Amino acid sequence: MSIIQVENLVKSYTTYKRGSGFGDSVKSFFKREKVDVHAVKDISFEIEEGCICGILGPNGAGKSTTIKMLCGALYPTAGKIDVMGYSPAKDRVKYVKRIGAVFGQKSQLIWDIPPIDSFAMNQAIYDIPDDIYEKRLKEMVELFDIEEVIHKPTRVLSLGERMKCEFVMAMLHKPEIVFLDEPTIGLDVIAKTKIREFISEMNRQGTTFILTTHDLEDVEQLAHRVIIINHGEKVFDNTLESLKSTLGNKKIITLTLAEPYKGETLGGVEVIRGDNAHKVSLEIDLDKQGIKEFLDNLSETVSFLDISIKELPMDMIITRIYNEA
Amino acid sequence: MKHLKLYRICLRTAFSQALAYRADFVMGSLITLLSNILFPLVTVLIYANGATFPGWNMWEVLLVQSVYSMSTGLASMVLSSIVWVTMDHIRGGSFETVLLKPISPLFFIMATNCDVQSISLFAGGVVMAVISACHTGVAGIGAIGSFLLLFVAGFMVLCGMDLIMAAISFKWVGNSRIPEIFDSISNFGKYPLSIFPQAVRVFAVMVIPVAMIGFFPASALLGRLDPKAYLSIIPCALFMCFGIWLYNKMILLYEGVGG
């Protein structure tokens with residue numbers, strides 16, 4: 001069942017071009033050039049209940065604007081958003097009571113006091129009964145292992161500790177949908193892993209997650225569904241498996257050569273990258289040439305000391321989709 | 001009831017926040033108190049040198065100014081951070097963190113950003129008002145009732161001013177000097193209205209009713225209030241309602257910043 005329905009969503013606004021340097025600044029003080037920005041252009045999609053959906057796109061693609069419209073923080077210029085029967089911006093107060101959000105670059109915690117006081121404030125705002133609040137807080141604090149952290153002032157916490165507290169803050173009221181805007185930005189591997197485990201656990205308990213990120217591991221490890229936005233337009237919308245096969249049935253072969261590479265074609269395939277004179281990478285399309293056939297050709301043309309065969313990396317797939325769009 | 005409970009909890013949070021930096025809290029409170037208490041000294045100096053505000057003795061003028069301090073102190077405590085917090089949120093693109101709360105953004109900002117240091121200004125105003133009233137006398141219990149009514153009306157004016165200033169920042173990002181204009185206008189409420197030209201009087205009573213901030217409530221205490229002054233409560237209420245309406249309307253213009 002669709003929990004989010006977005007139809008022909010558009011967000012445009014007007015800004016002013018201000019040039020650079022002293023001359024341009026003076027000029028723009030008297031006359032400013034208007035610039036119409038079309039941040040989101042006619043995007044439509046539906047998201048199923050219980051899904052983790054990753055929204056990807058390069059910087060300035062319109063991901064955050066889309067998320068903010070879905071959260072009810074921005075009014076769409078045109079189009080329709082229906083989330084759990086609500087129009088987010090129009091029914092904001094009722095609607096936001098049922099959602100949560102974590103913005104990786106904007107904190108909801110109060111800087112000078114411990115997170116536990118911010119949590120208590122949220123308990124009052126969301127009108128959470130004491131027993132439910134205590135139970136939920138205990139559960140999440142244990143999951144993140146932050147019993148001591150929540151009693152220290154927010155300003156002394158590390159980024160990883162703060163992000164964990166941001167998650168607790170956003171999920172105390174047991175939201176049905178949680179919007180995450182770059183939740184793992186700037187975090188170390190351990191903190192990222194902990195946060196991904198938390199998201200997976202909450203998803204198992206029924207929470208739907210909409211996630212924007214530049215970290216493709218977030219998507220690979222969490223997302224059931226991927227939407228790619230570029231220049232404000234949707235350029236891909238399908239499962240993670242479909243995304244992986246979107247460029248065809250391809251593998252990356254990395255070879256360590258016995259002799260220095262001299263620019264020749266190896267096994268009938270072009271070299272895409274040379275790390276050094278002895279180590280090169282090739283991209284093989286298995287729909288055109290089977291792996292056995294390739295290895296036979298390869299062993300006839302070159303002698304190699306080592307070989308590795310890997311799936312096409314996600315960043316390569318995404319980069320090509322961005323470039324093609 | 002729910003909002004009262006919420007306000008109490010948010011206020012407690014705001015206090016904890018203010019008390020996190022003890023030296024800043026103490027110094028800030030003292031500086032606020034001193035900088036505002038020094039102002040009536042000018043009035044004392046004027047009268048000590050033989051000059052006067054025609055028709056008003058020194059203690060009456062000091063009473064007007066202390067009521068003004070009480071009003072602005074209370075407004076600073078409860079409301080003034082709306083302007084700066086709204087501006088900061090808009091400039092930094094973090095207003096969505098406010099919009100994510102299932103309550104009025106105005107109420108949320110007001111409750112979570114109480115300027116605790118302004119208590120000193122309010123308390124200083126109360127002390128000065130009591131001292132001045134001891135010298136001038138108070139025109140009976142009815143006068144105290146009128147004072148309270150008009151004091152609330154004066155608070156509405158300051159509320160309207162703060163909301164209008166905050167609302168402007170949704171369209172005009174970085175208007176940090178606007179509060180200075182409003183401060184200058186509200187200063188008309190610090191003096192007896194009779195010393196101003198007719199045009200200023202009409203402005204201070206009917207357009208932006210700043211006379212209600214200090215002059216009218218103090219006049220009520222002194223028994224010198226023109227009954228027509230009660231009519232000014234209407235523009236005061238309208239001014240505050242306009243501020244609330246404008247703020248809520250301007251939120252729709254919020255566009256965030258690049259992500």
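The values are calculated or read from the model by the stated rules, or taken from the named source; none is laboratory data. This is a predicted model, so every value here is computed, not measured. Don't worry about glycine lacking a Cβ; one is built from the backbone with ideal geometry, like all the others, and counts go over all protein chains shown.
So which of A:GLU201, A:GLU176, A:GLU166, A:GLU182 is in contact with a Gly (Cβ under 9 Å, 6 or more places away or on another chain), assigned by TED's automatic domain parsing to the domain that holds A:ASN230, surrounded by fewer than 17 Cβ atoms within 10 Å (Cβ to Cβ) and touching a residue at least 24 places away in the same chain (Cβ under 8 Å)?
On the way: A:GLU201 fails: in contact with a Gly (Cβ under 9 Å, 6 or more places away or on another chain); A:GLU166 fails: surrounded by fewer than 17 Cβ atoms within 10 Å (Cβ to Cβ); A:GLU182 fails: surrounded by fewer than 17 Cβ atoms within 10 Å (Cβ to Cβ).
One residue alone meets the criteria, A:GLU176.
Test B:VAL64 against the criterion of being closer than 23 Å to A:GLN108 by Cα, more than 9 Å from chain A (Cβ to nearest Cβ) and either polar (S, T, N, Q) or not in a loop (DSSP other than H, G, I, E, B) (or both), and give yes or no. Quick ask: steps written out before the conclusion?
On the way: closer than 23 Å to A:GLN108 by Cα: no; more than 9 Å from chain A (Cβ to nearest Cβ): yes; either polar (S, T, N, Q) or not in a loop (DSSP other than H, G, I, E, B) (or both): yes.
Spelling it out, it is not the case that B:VAL64 is closer than 23 Å to A:GLN108 by Cα, more than 9 Å from chain A (Cβ to nearest Cβ) and either polar (S, T, N, Q) or not in a loop (DSSP other than H, G, I, E, B) (or both).
Please pick out the residue among B:PHE147, B:PHE107 that is surrounded by fewer than 19 Cβ atoms within 10 Å (Cβ to Cβ) and of a type in the set (Phe, Trp, Tyr).
Working: B:PHE147 fails: surrounded by fewer than 19 Cβ atoms within 10 Å (Cβ to Cβ).
From the options B:PHE147, B:PHE107, the qualifying one is B:PHE107.
Restricting the search to the range A:91-124, which residues are more than 22 Å from B:ILE90 (Cα to Cα), β-branched (Val, Ile, Thr) and out of contact with any Ser or Thr (no Cβ under 6 Å at 6 or more places or on another chain)?
If the condition is that a residue be more than 22 Å from B:ILE90 (Cα to Cα), β-branched (Val, Ile, Thr) and out of contact with any Ser or Thr (no Cβ under 6 Å at 6 or more places or on another chain), then A:ILE99, A:ILE116 are the ones that fit.
It is to be established whether one or more residues within the range A:266-277 are assigned to a strand (DSSP E or B), touching a helix residue (DSSP H, G or I) at 6+ places or on another chain (Cβ under 8 Å) and assigned by TED's automatic domain parsing to the domain that holds A:MET171. Before you say what the answer is, go through the steps one by one.
Initially, the range A:266-277 is screened for residues assigned to a strand (DSSP E or B), giving A:266, A:269, A:271-274.
After this cut, where a residue has to be touching a helix residue (DSSP H, G or I) at 6+ places or on another chain (Cβ under 8 Å) as well, the list is A:266, A:269.
Keeping just the survivors that are assigned by TED's automatic domain parsing to the domain that holds A:MET171 gives none.
There is no residue in the range A:266-277 that is assigned to a strand (DSSP E or B), touching a helix residue (DSSP H, G or I) at 6+ places or on another chain (Cβ under 8 Å) and assigned by TED's automatic domain parsing to the domain that holds A:MET171.
Among the residues in the range A:18-30, are any of a type in the set (Lys, Arg) and in the same structural domain as A:SER158 (by TED's automatic domain parsing)?
First, pick out the residues of the range A:18-30 that are of a type in the set (Lys, Arg): A:18, A:27.
Narrowing the set further to residues that are in the same structural domain as A:SER158 (by TED's automatic domain parsing) leaves none.
No, there is no match, as no residue in the range A:18-30 is of a type in the set (Lys, Arg) and in the same structural domain as A:SER158 (by TED's automatic domain parsing).
When you go through A:LYS192, A:LYS234, A:LYS262 one by one, which is the residue that is basic (Lys, Arg), free of Cβ contacts under 8 Å to residues at least 40 places away in the same chain and either on the phi > 0 side of the Ramachandran plot or surrounded by 18 or more Cβ atoms within 10 Å (Cβ to Cβ) (or both)?
Being basic (Lys, Arg), free of Cβ contacts under 8 Å to residues at least 40 places away in the same chain and either on the phi > 0 side of the Ramachandran plot or surrounded by 18 or more Cβ atoms within 10 Å (Cβ to Cβ) (or both) holds for just one of A:LYS192, A:LYS234, A:LYS262, which is A:LYS192.
For residues that are outside any loop (DSSP other than H, G, I, E, B), within 13 Å of another protein chain (Cβ to nearest Cβ) and within 16 Å of the chain's Cα centre (by Cα), tally how many sit in the range B:112-150. Can you show your working first?
As a first pass, look at the range B:112-150 and keep what is outside any loop (DSSP other than H, G, I, E, B): B:112, B:116-136, B:141-150.
The next check asks that each one be within 13 Å of another protein chain (Cβ to nearest Cβ); those that pass are B:112, B:116.
Filter once more, keeping what is within 16 Å of the chain's Cα centre (by Cα): B:116.
Final tally of qualifying residues: 1.
In the range B:15-66, what residues are in contact with a Leu (Cβ under 7 Å, 6 or more places away or on another chain) and free of Cβ contacts under 8 Å to residues at least 24 places away in the same chain?
Here is the first cut: in the range B:15-66, the ones in contact with a Leu (Cβ under 7 Å, 6 or more places away or on another chain) are B:25, B:32-33, B:36, B:40, B:43, B:60, B:63.
Across the range B:15-66, the qualifying residue is only B:THR43.
For the range A:72-97, which residues satisfy the criterion of being outside any loop (DSSP other than H, G, I, E, B) and of a type in the set (Ser, Thr, Tyr)? It would help to see each step written out before you state the result.
The initial filter retains those residues of the range A:72-97 that are outside any loop (DSSP other than H, G, I, E, B), namely A:78-83, A:86, A:92-96.
A:TYR86, A:TYR95, listed by residue number.
Considering only residues of the range A:237-252 that are in a helix (DSSP H, G or I) and not small (Gly, Ala, Ser), which is surrounded by the most Cβ atoms within 10 Å (Cβ to Cβ)?
Here the residue is A:LEU243.
Looking at A:ALA89, A:ALA73, A:ALA61, which one is in contact with a strand residue (DSSP E or B) (Cβ under 9 Å, 6 or more places away or on another chain) and at the interface with another protein chain (Cβ under 7 Å from one of its Cβ atoms)? Break it down into steps so the answer makes sense when it comes.
On the way: A:ALA89 fails: at the interface with another protein chain (Cβ under 7 Å from one of its Cβ atoms); A:ALA61 fails: at the interface with another protein chain (Cβ under 7 Å from one of its Cβ atoms).
Only one candidate passes the filter, namely A:ALA73.
Taking the range A:44-81 as the region of interest, how many residues are β-branched (Val, Ile, Thr) and modelled with pLDDT under 90? Step through it out loud before you land on a result.
Kept after step one, since they are β-branched (Val, Ile, Thr), are these residues of the range A:44-81: A:47, A:52, A:55, A:65-67, A:77, A:81.
Right, trim to modelled with pLDDT under 90 and you get none.
Of the residues in the range A:44-81, 0 are β-branched (Val, Ile, Thr) and modelled with pLDDT under 90.
Which of the residues that make up the range B:12-34 are assigned to a helix (DSSP H, G or I) and under 13 Å from A:ILE110 (Cα atoms)?
So in the range B:12-34, the residues assigned to a helix (DSSP H, G or I) come out as B:12-19, B:22-34.
Those that are assigned to a helix (DSSP H, G or I) and under 13 Å from A:ILE110 (Cα atoms): B:ARG12, B:THR13, B:ALA14, B:PHE15, B:SER16, B:GLN17, B:ALA18.
Confirm whether A:ASP215 is within 21 Å of A:CYS71 (Cβ to Cβ), of a type in the set (Asp, Glu) and under 17 Å from the mean Cα position of the chain (by Cα).
Judged against the criteria, A:ASP215 is a match.
When you check B:ALA220 against the structure, is it free of Cβ contacts under 8 Å to residues at least 24 places away in the same chain, out of contact with any strand residue (DSSP E or B) (no Cβ under 6 Å at 6 or more places or on another chain), away from chain A (no Cβ under 14 Å) and buried (at least 22 other Cβ atoms within 10 Å of the Cβ), yes or no?
Numbers: free of Cβ contacts under 8 Å to residues at least 24 places away in the same chain: no; out of contact with any strand residue (DSSP E or B) (no Cβ under 6 Å at 6 or more places or on another chain): yes; away from chain A (no Cβ under 14 Å): yes; buried (at least 22 other Cβ atoms within 10 Å of the Cβ): yes.
Here the answer is no, as B:ALA220 does not meet what is asked.
I'm trying to understand the selection: among the residues of the range B:80-99, which are facing another protein chain (nearest Cβ under 8 Å) and buried (at least 21 other Cβ atoms within 10 Å of the Cβ)?
B:PHE95, B:GLU96, B:LEU99 - these are the residues of the range B:80-99 that are facing another protein chain (nearest Cβ under 8 Å) and buried (at least 21 other Cβ atoms within 10 Å of the Cβ).
Listed residues A:ILE309, A:ILE318; which is outside the structural domain of A:HIS224 (by TED's automatic domain parsing), modelled with pLDDT under 85 and closer than 29 Å to A:LEU222 by Cβ?
A:ILE318
Which number in (1) in a loop (DSSP other than H, G, I, E, B); (2) touching a strand residue (DSSP E or B) at 6+ places or on another chain (Cβ under 7 Å) marks the one condition that A:LEU298 misses?
So the condition that A:LEU298 fails would be (1).
Hey, among the residues in the range B:197-217 that are modelled with pLDDT of 90 or more and aromatic (Phe, Trp, Tyr), which one's surrounded by the most Cβ atoms within 10 Å (Cβ to Cβ)?
B:PHE216
Among the candidates B:ALA51, B:ALA75, B:ALA14, B:ALA20, which residue alone is within 14 Å of chain A (Cβ to nearest Cβ) and either closer than 30 Å to B:THR136 by Cα or touching a Pro at 6+ places or on another chain (Cβ under 8 Å) (or both)?
On the way: B:ALA51 fails: within 14 Å of chain A (Cβ to nearest Cβ); B:ALA75 fails: within 14 Å of chain A (Cβ to nearest Cβ); B:ALA14 fails: either closer than 30 Å to B:THR136 by Cα or touching a Pro at 6+ places or on another chain (Cβ under 8 Å) (or both).
Exactly one residue qualifies, and that residue is B:ALA20.
For the range A:124-141, name all the residues that are within 16 Å of A:GLN205 (Cα to Cα) and acidic (Asp, Glu).
Within the range A:124-141, A:GLU139 is the sole residue that qualifies.
Would you check which residues across the range A:34-43 are at pLDDT 90 or above and either crowded, with 24+ Cβ neighbours inside 10 Å or on the phi < 0 side of the Ramachandran plot (or both) and list them? Before the answer, list the steps.
Of the residues in the range A:34-43, the ones at pLDDT 90 or above are A:40-43.
A:VAL40, A:LYS41, A:ILE43, listed by residue number.
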